[in-house]
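Each remark here refers to the structure printed beneath this line.
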Amino acid sequence: MITHKTLSVSIISVFIFLIMHSTLFADKPKDAKHTFSYRGMRMANADGLFYVTKIETEIEQAGIIEIEIKFNMPADPRTLQKKNISINGQFLPANALIAFNKAGDKIKILIRDSFLSAGKDTPNRPFHLDLPEAKSFNHIPLYLSHFDDMECDKEYKFTFLNIPPQKPPREMHEEMHNHHHYEYIRFEEKD
């Protein structure tokens, strides 16, 4: 004979089993190749511009160059992969490493210096960086995606001179993207 107490214990046991089962198997994606770990804020500053605030380049160790790019809001990592970033017109090689910070507003790229010099023995040769597909997590395209005359062991800061970049009206946002007549300038510092 089944009592209410045994029935209650059985139901609770089944619920505990189901919760543990779903917890154990919830984190295992069906296709791990297409997953992307990211912990940043995804919807900050919904009406603002998405732009680069700083690019810093330095020689990490013999043969490795680090390029750190800081954005004013979290970037969508799906738009900043090796196939979407180019240096001197060539997409990043397979051996390049890309990492985001926890907030999602900073990316580090590690590449071999031979990729920058294109096989030529010219150290500290200027290069240009392109991020044509870069978007913020709320799908705002990068204000300026081409950066010329970059050099190793330098820090470049970018800012707007004549307008505040925080939450411009929608008409101004479209005008800024279409006409590029606002002053987005670069300051350069040597490390």
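Per-structure values
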quantity: Cα-only Debye scattering, the stretch 52-127: base-10 log of I(q)/I(0) at q = 0.17 Å⁻¹; calculated: -0.65
quantity: Residues ILE16 and ALA96, FRET efficiency given R0 of 41 Å [Cβ-Cβ distance, rounded to 0.05]; calculated: 0.30
quantity: Spacing of the two label points (7 Å from each Cα toward its C-beta) at ILE64 and HIS4, in nm; calculated: 6.7 nm
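Each reported figure results from applying straightforward, stated rules to the coordinates on display, with no laboratory input. Since the structure is predicted, the reported quantities are computational estimates derived from the model, not experimental observations. When we count neighbours, we look across all protein chains shown, and the Cβ atoms used for this are built from the backbone with ideal geometry, even at glycine.
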